[in-house]
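Notes follow the structure.
The values are calculated or read from the model by the stated rules, or taken from the named source; none is laboratory data. As the structure is a prediction and not an experimental result, all values here were calculated from the model. Cβ sites come from the backbone with ideal geometry, for glycine too, and all protein chains shown count toward neighbours.
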Amino acid sequence: MEDYLTYPDNAKVWIYQSNKHFDEDEIAYLNVQLDDFIASWESHGSMLKATFKIVHDLFVVIFVDEEGDRMCGTAQDNSIKLMKRLEGELEVSFLDRMVQSYRKGEQVEVVKMNDFSTLLEQNEINEDTIVYNNMVTSKIDFDNNWEVPLKDSWHKQFLSLVKY
């Protein structure tokens with residue numbers, strides 16, 4: 001069973017999307033680095049109840065159950081520092097919000113945001129294509145609004161840019 005499933009619906013979520021899929025060695029490395037980080041991750045002098053999940057060999061999703069005590073800014077900053085360090089070590093980008101993804105069959109494709117309009121015009125994707133809303137911030141949103149049809153996401157703005 002995945003640890004995050006036991007977390008409350010209001011648990012905090014951060015989604016870091018890579019600009020490329022990870023291979024087995026990179027996933028193993030990420031697991032070790034994230035395990036080590038979470039094992040010592042503190043806020044206000046107390047250990048955070050946190051876990052993570054690597055999804056589709058592309059997304060690092062971190063969950064934090066704040067248990068009534070809000071996470072301090074330093075703890076949040078430390079997670080960003082970790083992701084920046086991992087960017088350099090793995091030669092990927094985790095913090096580029098212009099990198100987006102969509103599902104194509106069983107695969108998840110990575111594209112630059114500007115390419116959505118072109119993909120729509122070429123009928124590579126449509127309003128029913130599953131896209132990833134990496135801006136969700138809670139477990140309930142992750143469970144219900146992370147993988148959604150383009151027409152139900154913030155990506156729908158690209159539909160109005162396309163001339164069919």
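Checking each residue in segment 43-100 for being part of a strand (DSSP E or B), aliphatic (A, V, I, L, M) and under 18 Å from the mean Cα position of the chain (by Cα) picks out Ala50, Ile54, Val55, Val60, Val61, Ile62, Val64, Val99. Within segment 145-157, is even one residue within 18 Å of Val60 (Cβ to Cβ) and assigned to a helix (DSSP H, G or I)? There is no residue in segment 145-157 that is within 18 Å of Val60 (Cβ to Cβ) and assigned to a helix (DSSP H, G or I). Of the residues making up segment 21-40, just one is over 19 Å from the mean Cα position of the chain (by Cα) and either under 19 Å from Phe142 (Cβ atoms) or not in a helix (DSSP H, G or I) (or both), namely Ser40. Here Val92 passes the criteria (1) modelled with pLDDT of 95 or more; (2) under 23 Å from Glu124 (Cβ atoms); (3) surrounded by 17 or more Cβ atoms within 10 Å (Cβ to Cβ); (4) among the β-branched types (Val, Ile, Thr) except the one numbered (2). Of the residues screened, Asn31 is not one that is among the polar types (S, T, N, Q), under 24 Å from Val148 (Cα atoms) and modelled with pLDDT of 95 or more. Here the condition is being of a type outside the set (Ser, Thr, Tyr) and modelled with pLDDT under 95; of Phe142, Phe116, it holds for Phe116 alone.
Residues in segment 54-80 that are within 16 Å of Tyr7 (Cβ to Cβ), among the β-branched types (Val, Ile, Thr) and surrounded by 17 or more Cβ atoms within 10 Å (Cβ to Cβ): how many? Looking only at that region, the number is 3.
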